[in-house]
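The values are calculated or read from the model by the stated rules, or taken from the named source; none is laboratory data. Nothing here was measured: the structure is a model prediction, and the numbers come from that model. Because the Cβ atoms are built from the backbone with ideal geometry, glycine has one as well, and the counts that use them run over all protein chains shown.
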Amino acid sequence: MNYRKKFVVDAGEKVQLSKIDPSYTGKHESHEKAMPKIQEHIACMDKLQYLLYADGNQSLLIVLQALDAAGKDGVVRHLFSGMNPQGTSVFGFKQPSKDEAAHDFLWRAHLRAPGKGEVVIFNRSHYEDVLVVRVHKLAEKPVWSKRYDLINDFEKMLSNNGTRILKFFLHISPEEQLERFKQRLDDPSRHWKISDADYTERELWPKYIEAYEEALEKTSTKYAPWHIIPANHKWFRNLAISEIIAGTMKEMGLKLPPTHVDLEEIRKKYHIAEQEQVKQGSKGSGA
């Protein structure tokens, strides 16, 4: 299955999340059967990240957006833990700090955009400024409605600078979210994740869906496409996202950079040096 093609939001496409089944799993029946493919994709991602880092000419930005409990943290933990931390970083967008709020809304996103050779994951992102800001009326419509074009321009600039951008909306149902909240309540190791806001935000579900639909429609582009990932089943979420990332990285033409030294000369030079050291060592032990 080509999940990139199946789940991508085409530029300008009208999005109706109510018509997309968050429990979809395609031909796959269980986590056990999907796991070999997930591991294959993760291994491919790890190998290609090494080439991305070595080549140093491109970068990859992955944006994760979702309503609470949809699994953004789980995606990071399960799919990126095998990547080399030298060239991979994750940034979580929370309420802006005083310094961040003193700048334009894209400043903190640009500050953490990937450099050449890097993979960066945004756990939430600059899209909060057309989602939370809109739903909670932290800015008036004339302000946040202009941000779609600014976001597109920002992502176009990153793309022109060699950054591939993949954006994922993790789509779960209200019923699945409530079940995951219950699991947190029943698991002492996850009590720290519970807050009153989890439940009060549920009351705003229709407003969030409306905000997401417009954001997905207005900011999915060829250079920075959105993918709507059915996420009621965590294993299928991981399968689809890992396939899309691995497939995209394969298309980036990543390869090891050319060698800038004479390898034969180095082999000859240091082989002779090593032989001299061995000879000197033999003389010293003989004495």
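With respect to R134, determine if the residue is closer than 30 Å to A54 by Cβ and touching a residue at least 40 places away in the same chain (Cβ under 8 Å).
no
Considering the stretch 151-181 alone, what residues qualify as being under 20 Å from P22 (Cα atoms) and in a helix (DSSP H, G or I)?
The answer is P174, E175, E176, Q177, L178, E179, R180, F181.
Counting only residues that are over 16 Å from the mean Cα position of the chain (by Cα) and under 23 Å from N161 (Cα atoms), give me the helices (runs of 4 or more DSSP H) lying completely in the stretch 1-111 with at least 1 of them. First the steps, then the outcome.
On the way: elements: 3-7, 31-55, 72-79, 98-101, 107-111.
Hits in the stretch 1-111: 31-55, 107-111.
Looking at the stretch 228-245, can you tell me whether even one residue there is modelled with pLDDT under 95, touching an Asp or Glu at 6+ places or on another chain (Cβ under 8 Å), assigned to a loop (DSSP other than H, G, I, E, B) and over 18 Å from V120 (Cα atoms)?
no
So how many residues does the stretch 1-27 have that are buried (at least 17 other Cβ atoms within 10 Å of the Cβ) and either in contact with a helix residue (DSSP H, G or I) (Cβ under 6 Å, 6 or more places away or on another chain) or on the phi > 0 side of the Ramachandran plot (or both)?
Residues meeting the conditions: 5.
Filter the stretch 61-72 down to the residues that are at pLDDT 95 or above and out of contact with any Ser or Thr (no Cβ under 7 Å at 6 or more places or on another chain) and list them by number.
The answer is I62, L64, A66, L67, A70, G71, K72.
State the number of residues belonging to the stretch 208-226 that are more than 18 Å from the chain's Cα centre (by Cα) and surrounded by fewer than 15 Cβ atoms within 10 Å (Cβ to Cβ).
1
Please find, within the stretch 34-71, the residue that is farthest from L256 (Cα to Cα) out of those that are out of contact with any strand residue (DSSP E or B) (no Cβ under 7 Å at 6 or more places or on another chain) and small (G, A, S).
A69
Restricting to the stretch 131-150, and then to whatever is assigned to a loop (DSSP other than H, G, I, E, B) and not charged (D, E, K, R), can you tell me which residue is nearest to A66 (Cα to Cα)?
The residue in question is L131.
Which numbered condition trips up F122, out of (1) in contact with a strand residue (DSSP E or B) (Cβ under 8 Å, 6 or more places away or on another chain); (2) not in a strand (DSSP E or B)?
(2)
From the list Y223, Y208, which residue is modelled with pLDDT of 95 or more, among the aromatic types (F, W, Y) and outside any helix (DSSP H, G or I)?
Answer to the selection: Y223.
Checking E264 against (1) surrounded by 13 or more Cβ atoms within 10 Å (Cβ to Cβ); (2) modelled with pLDDT under 95; (3) not aromatic (F, W, Y), which test does it fail?
With (1) surrounded by 13 or more Cβ atoms within 10 Å (Cβ to Cβ); (2) modelled with pLDDT under 95; (3) not aromatic (F, W, Y) applied to E264, the lone miss is (1).
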